[in-house]
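Visitor: Quick one: the structure is below, questions incoming.
The values are calculated or read from the model by the stated rules, or taken from the named source; none is laboratory data. As the structure is a prediction and not an experimental result, all values here were calculated from the model. Every residue, glycine as well, gets a Cβ built from its backbone with ideal geometry; the counts of neighbours run over all protein chains shown. Side chains included, ligands, DNA and RNA excluded: accessible areas come from the protein's heavy atoms. Shrake-Rupley method; radii C 1.70, N 1.55, O 1.52, S 1.80 Å.
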Amino acid sequence: MDPNEFRSLGHRAVDYLADYFARVESEPLMPKVDPADLARLFDEPLPDKGQPADAVFDELERKLFPNSAQINHPGYFGYITPTPTPAGVIGDMIASALNQNVGVWPSAPAAVAMERQTVRWLTDLIGYDRNAGGNLTSGGMTANFIALKLARDWMSGDIAQHEGLSGQWTVYTSEERHVSIDKSVDAIGLGRKSLRALPTDDRFRLRIDALETAIEKDKRAGIRPMAIAAMGGTTNNGAVDDLRTLRAIADRERCWLHVDAAYGGGMLLSQKYPGVLDGLELADSVTLDPHKWFYAPLDAGAVLVRDETQLTRSFGIRPPYLTDRMDSGGERYDYFVHGFEQSRRFRSLKVWMGFKRYGAKQIGQWVDNNVDQARRLYELATHHPDFEPATFPQMSAICIRYCPPGLSEPDAAKLHARVAREIEQEGKYWISTTVLKGHAWFRINPVNFRTRTEHVEGLFAALVEKCRSHA
């Protein structure tokens, strides 16, 4: 592809996306497609010969764009995948062009410096001091895995990564944890039976009495606490555990305190609702995903550590073929020595560009708007005789349910699933469902800077109409 063809294709792509952003609200939110039909649409042999760039783009317009979920649509309230900022989109394009491997300094000197600064911004937001550090990751799944590996290594005196674990250990968390905690406990060698998923209170926070009871029971059985994995904004309700009390318990038990704030970390930018994540700075490690509520494009997660040197102790392997003999002073920061990944995408550019273009204040205003939208839904559900909210939303996540007199729980579960599917098929809104304390709920989470109050009001009106028609 010569420069002129590249320029032409690039202009066509940017023009298409600019028009797409302008019209996305009028697009059907979810495509009406069948998985088998999509498989047939893309089914073809590996091409032997290339095609002109315009022909390839024509095919995208026929096959990809109309059959994609419109995450940028203001009615998208389902999974925590916010609409990305246009600046972040451009940043991702530039990162792909430069193709810097941030894992090693010589292949990405400026990109390494940019990631170091971006990580510093994130640790400053938490309230960590200059001893902190971290890595940008693919998302919360990898970040939580790294954090619990750090916990394992620290608790073993940095022996486990060499000799494996000895004795029995456990990790304590909430029944409202993300599934990545379960997978991480598995991946670091404890096994999922070593995870204690403990009950929550009426605000869906980890019950301290249940934690204390579980710790005492395990200690009597010779099982040692390795870590407490606290929630800094649960997926269902944005619940935040009592981080200060958990820090005191972790100190008493001499175990690691990790906080999963992958979604909830966006509240660090809030101006209207400060203090929701009180005590976050006390955690040994924090998961925070800029590709969630910082509105960066996928993928950009982060694991942040109060003591950066633990990253080096856990991952510090430097083989001869990756040793820079000219860096006698250790000035070139190689991320692979201080983290899990060696080949690392240049993730920081889109996050850096988002902060530089919009500023923390503007992003925080978007966060606050989303919180206000969730609270409007709470108000609507509270004042309707046949609906109820699970709890007052601290963040933008809210669960509400249809619960008229006489509706059994099995029937309610079927009704919620059916209504959510019909909402999806109409193409104006997309929500998910969940189960909390044995009841079915609609799970709604506005994390979109394009969403307005009228959208959540319209969603609620649609829910009322459809629930009544099926009751």
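Visitor: Return only the number of the condition from (1) open to solvent by 10 Å² or more (accessible area, probe 1.4 Å); (2) out of contact with any Lys or Arg (no Cβ under 8 Å at 6 or more places or on another chain) that Val286 does not satisfy.
Guide: (1)
Visitor: For the stretch 150-186, name all the residues that are under 19 Å from Arg254 (Cα atoms), out of contact with any Lys or Arg (no Cβ under 9 Å at 6 or more places or on another chain) and surrounded by 22 or more Cβ atoms within 10 Å (Cβ to Cβ).
Guide: Ala151, Arg152
Visitor: Residue pairs, Cβ under 9 Å, 6 or more apart or interchain, first in the stretch 363-387 and open to solvent by 50 Å² or more (accessible area, probe 1.4 Å), second of a type in the set (A, V, I, L, M). List them.
Guide: Between residues of the stretch 363-387 that are open to solvent by 50 Å² or more (accessible area, probe 1.4 Å) and residues that are of a type in the set (A, V, I, L, M), the close pairs are Gln365/Leu269; Arg375/Ile398; Arg376/Val456; Tyr378/Ile398; Tyr378/Ile400.
Visitor: What residue, among those in the stretch 294-332 that are open to solvent by less than 80 Å² (accessible area, probe 1.4 Å) and at pLDDT below 85, is nearest to Asp153 (Cα to Cα)?
Guide: Our first condition is that a residue be open to solvent by less than 80 Å² (accessible area, probe 1.4 Å); within the stretch 294-332, this holds for 294-297, 299-305, 307-312, 314-316, 319, 322-324, 327, 329-330.
Subsequent filtering for residues that are at pLDDT below 85 retains 316, 319, 322-324, 327, 329-330.
On the way: Gly316: 12, Pro319: 21, Leu322: 24, Thr323: 24, Asp324: 27, Asp327: 28, Gly329: 27, Gly330: 24 Å.
Going through the qualifying residues, I end up with Gly316.
Visitor: Looking only at the stretch 1-24, which residues are over 31 Å from the mean Cα position of the chain (by Cα) and either under 20 Å from Asp92 (Cβ atoms) or in a helix (DSSP H, G or I) (or both)?
Guide: Quick first cut of the stretch 1-24, residues over 31 Å from the mean Cα position of the chain (by Cα) only: 1-9, 11-12.
Residues satisfying the conditions are Met1, Pro3, Asn4, Glu5, Phe6, Arg7, Ser8, Leu9, His11, Arg12.
Visitor: Read through the list (1) buried (at least 22 other Cβ atoms within 10 Å of the Cβ); (2) farther than 30 Å from Ser432 by Cα; (3) not hydrophobic (A, V, I, L, M, F, W, C), then give the number of the only condition that Thr85 fails.
Guide: Thr85 satisfies every listed condition except (2).
Visitor: Continuing with the same structure: Taking Arg203, is it open to solvent by 20 Å² or more (accessible area, probe 1.4 Å), touching a Gly at 6+ places or on another chain (Cβ under 9 Å) and either assigned to a helix (DSSP H, G or I) or not aliphatic (A, V, I, L, M) (or both)? Reasoning before the result, please.
Guide: On the way: open to solvent by 20 Å² or more (accessible area, probe 1.4 Å): yes; touching a Gly at 6+ places or on another chain (Cβ under 9 Å): no; either assigned to a helix (DSSP H, G or I) or not aliphatic (A, V, I, L, M) (or both): yes.
Against the criterion (open to solvent by 20 Å² or more (accessible area, probe 1.4 Å), touching a Gly at 6+ places or on another chain (Cβ under 9 Å) and either assigned to a helix (DSSP H, G or I) or not aliphatic (A, V, I, L, M) (or both)), Arg203 does not qualify.
Visitor: Let me ask something else. Give me the residue from the stretch 93-148 that is part of a loop (DSSP other than H, G, I, E, B) and farther than 28 Å from His178 by Cβ and, out of that set, most open to solvent (accessible area, probe 1.4 Å).
Guide: Only one residue fits best here, namely Arg130.
Visitor: Considering (1) in contact with a Phe, Trp or Tyr (Cβ under 9 Å, 6 or more places away or on another chain); (2) more than 28 Å from Ala296 (Cα to Cα), say which one Tyr429 fails and leave the rest.
Guide: The one condition Tyr429 does not meet is (2).
Visitor: If Gly189 satisfies every condition in (1) assigned to a loop (DSSP other than H, G, I, E, B); (2) open to solvent by 20 Å² or more (accessible area, probe 1.4 Å); (3) modelled with pLDDT of 95 or more; (4) within 30 Å of Glu212 (Cβ to Cβ) but one, which is the exception?
Guide: The single condition Gly189 does not satisfy is (3).
Visitor: Mind checking which pairs have a first residue in the stretch 27-43 that is open to solvent by less than 60 Å² (accessible area, probe 1.4 Å) and a second that is part of a helix (DSSP H, G or I) and of a type in the set (Asp, Glu), Cβ under 6 Å, 6 or more apart or different chains?
Guide: As it stands, the answer is Met30/Glu424, since those pairs meet every condition given.
Visitor: Can you confirm whether Ala360 is over 27 Å from the mean Cα position of the chain (by Cα) and either assigned to a loop (DSSP other than H, G, I, E, B) or surrounded by fewer than 23 Cβ atoms within 10 Å (Cβ to Cβ) (or both)? If you could, list the steps in order and put the result at the bottom.
Guide: Working: over 27 Å from the mean Cα position of the chain (by Cα): no; either assigned to a loop (DSSP other than H, G, I, E, B) or surrounded by fewer than 23 Cβ atoms within 10 Å (Cβ to Cβ) (or both): yes.
For Ala360, the condition - over 27 Å from the mean Cα position of the chain (by Cα) and either assigned to a loop (DSSP other than H, G, I, E, B) or surrounded by fewer than 23 Cβ atoms within 10 Å (Cβ to Cβ) (or both) - is not met.
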